[in-house]
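Undergrad: Below is one structure. I have some questions about it.
Where a number appears in this text, it was derived from the coordinates with a stated rule and is not lab data. In this text, all values refer to a predicted model and were calculated from it rather than measured experimentally. In this analysis, Cβ positions are derived from the backbone assuming ideal geometry, glycine residues included, and neighbour counts consider all displayed protein chains.
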Amino acid sequence: MKRTLSSLAIPGLVLAATATLLGGAAAFPERQAPKALNILLMGTDGRDTITAAEKRKFHAGGIACNCTDVLMLIHVSARRDRVSVVSLPRDSYADIPPYRAGPTGEERGPHPSKINGAYAEGGPALTVGTVESMTGVRVDRYLQVDFRRFIDAVNQVGGVEVCTARTLKDSATKLNLRPGEHLLNGGRSLQYVRSRHVDTSADLGRIQRQQRFLVNALRGLQARQALTDPAGMARVMGTLLGSGRVEQGFGAEELVQLAAALHRVPAAATEFTTVPIAGFNPTRPDIGSTLAWDRKRADAMFTKLRKDRPLLGSGADPKPKDPPGLKGYGPVRGSSLACK
């Protein structure tokens, strides 16, 4: 069964919530896409396409696990007037559904893993199947973005502005941002969205910064009227789709049309959150330490997505805690994550 990819609108994470977040690709061949659209954004740790010099400069070396460091479930409302983004932490406990592995088609039964391991085992198709089984939400499109596509797409749109009220220093990526606003090029943006050693919030803090990045990327593209520039967006989409090393089952033209359709979606009409987390599971020798979802609250959240309902009530505008707690955080509006 062939799955198709969705679109991204800036760089893996940038345009992911911009054009991708805004729209996608061809529907799965065996399904008719619903009026609302659910997109799974997969940011992989693939780094074999960046140069040795880039790895040194942006501290992006190390051995890749062929995993998904980023998983975002993006819901675009049927009226294209609201976007809800739910991040799924990479260390979440997952029950991998049965699948046929490799060229031999050998069937492997269900088994436990971290959610990011589904990609290493069975690529995007198994990742989609795992997320669908855990959330009950049908994934209509998916997109996978590696380091190369991310860097090049950010550079192509002139960088992304981020802001911080506190110093952000990371011992691994060597990110070092003072309080204030910063225009980041592709390489520095990669450092920003990868940093998880800034404070004790670890991956939850990194997720929040990724969401801030998406909000400000979208706002920057809207301010420059970039989403309604067919030629310019077509070039960016071509960068994101790449040369064919990663299968992409959709065309850039559809993505450009979707980006234009959502050009007027304000940050206040976007919602960002993490899946509700109950805490840590007991460490297992086969998969290590994993996060346990709060099933009751998570099911309530995913029910809203399935019914195309907003995560936040009318008029609600909670403020994000920075850094977030280790049990994740409830929905906030994109406007609360944007630079002021």
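Undergrad: If one computes the Cα centroid of the range 97-116 and of the range 150-209, what distance in Å separates the two points?
TA: 34
Undergrad: Ok, one more. Rounded if a/c is under 1.5, else prolate if a/b beats b/c, else oblate: with a ≥ b ≥ c from the C-alpha gyration tensor eigenvalues square-rooted, which is the range 300-340? Walk me through the numbers on the way to the answer.
TA: On the way: a/c = 2.59, a/b = 1.42, b/c = 1.82.
Judged from the Cα gyration tensor, the range 300-340 comes out oblate (a/c at least 1.5, b/c at or above a/b).
Undergrad: Can you return the aspartates and glutamates within cross-link range of K304? Criterion is Cα-Cα under 16 Å, with same-chain partners fewer than 8 residues away left out.
TA: Leaving aside aspartates and glutamates fewer than 8 places away in the same chain, those within reach of K304 are D81, E132, E271, D294.
Undergrad: Let me ask something additional. Expressed in whole Å with the largest first, what are the equivalent ellipsoid semi-axes of the range 54-194 derived from the C-alpha gyration tensor as the square root of 5 times each eigenvalue?
TA: Value: 31, 20, 14 Å, ordered largest first.
Undergrad: In addition: From Cα pairs below 8 angstrom and at least 6 apart in sequence, can you work out the relative contact order of the range 28-168, rounded to a whole percent?
TA: In percent, rounded to a whole number, it is 28.
Undergrad: Quick check for you: which residues of the range 72-115 have the amide N under 16 Å from the point 7 Å beyond the Cα of R309 toward its beta carbon?
TA: Zone members listed by number: 77-78, 84.
Undergrad: Related question: Would you please give the residues with an amide H less than 5 Å from that of Y99, counting only those at least 5 places away or on a separate chain, with H modeled from the backbone geometry?
TA: Correct list: R108.
Undergrad: How would you order 212-220, 120-128 from highest to lowest mean count of nearby Cβ atoms within 10 Å?
TA: Peptide ranking by packing, descending: 212-220, 120-128.
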